[in-house]
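Okay, so here's the structure we're looking at.
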Amino acid sequence: MTIDDLRAAVDRSAPLPDSAPALVRALWHDATGDWEGAHRVAQDIETPEGAWVHAYLHRKEGDAANAGYWYRRAGKPPASGSLDAEWRAIATALLA
């Protein structure tokens, strides 16, 4: 799966293939308007990548303190650019 495949699935609200990684599914949920579904997936993945997705979701929610905690767990500085740019950066890293 590529970032273009993921964006196309989001644009069509098409389900992802079963082989899609869980965190990519979380990003898909978020991009299709299902923040809660994205959060359910991300909170159960205890890796730096899972923490990054979790941080992004709390940043999007507007909870800067909670997002900061998850950015530290991810080993990432708190994001300051657009949410769209961060979503794309995370997706690109996960699909690399």
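The values are calculated or read from the model by the stated rules, or taken from the named source; none is laboratory data. All figures in this text were calculated on a predicted structure; none of them were measured in a lab. Note: ideal-geometry Cβ built from the backbone for every residue, glycine included; neighbour counts use all protein chains shown.
Look at A20 and say whether it is crowded, with 18+ Cβ neighbours inside 10 Å, over 12 Å from the mean Cα position of the chain (by Cα) and within 19 Å of A93 (Cβ to Cβ). Yes, satisfied. Counting only helices (runs of 4 or more DSSP H) that sit wholly inside region 44-96, those with at least 3 residues that are within 10 Å of the chain's Cα centre (by Cα) are 48-61, 83-95.
May I ask you to verify whether L27 is surrounded by 12 or more Cβ atoms within 10 Å (Cβ to Cβ) and in contact (Cβ under 8 Å) with a residue 60 or more places away in the chain? Criteria met by L27.
Would you mind stating whether D30 is at pLDDT 95 or above, of a type outside the set (V, I, T) and either in contact with a Cys (Cβ under 7 Å, 6 or more places away or on another chain) or part of a helix (DSSP H, G or I) (or both)? Against the criterion (at pLDDT 95 or above, of a type outside the set (V, I, T) and either in contact with a Cys (Cβ under 7 Å, 6 or more places away or on another chain) or part of a helix (DSSP H, G or I) (or both)), D30 qualifies. Kindly indicate whether A89 is of a type outside the set (S, T, N, Q) and either exposed (fewer than 12 other Cβ atoms within 10 Å of the Cβ) or more than 21 Å from D4 (Cα to Cα) (or both). Here the answer is no, as A89 does not meet what is asked. If the condition is being closer than 20 Å to E86 by Cα, without any contact (Cβ under 8 Å) to a residue 40 or more places away in the chain and not in a loop (DSSP other than H, G, I, E, B), then region 8-24 contributes A8, A9, V10, D11, A22.
Name the residue, out of A74, A93, A79, A85, that is of a type in the set (G, A, S) and under 18 Å from H29 (Cβ atoms).
Values: A74 fails: under 18 Å from H29 (Cβ atoms); A79 fails: under 18 Å from H29 (Cβ atoms); A85 fails: under 18 Å from H29 (Cβ atoms).
After applying the criteria, what remains is A93.
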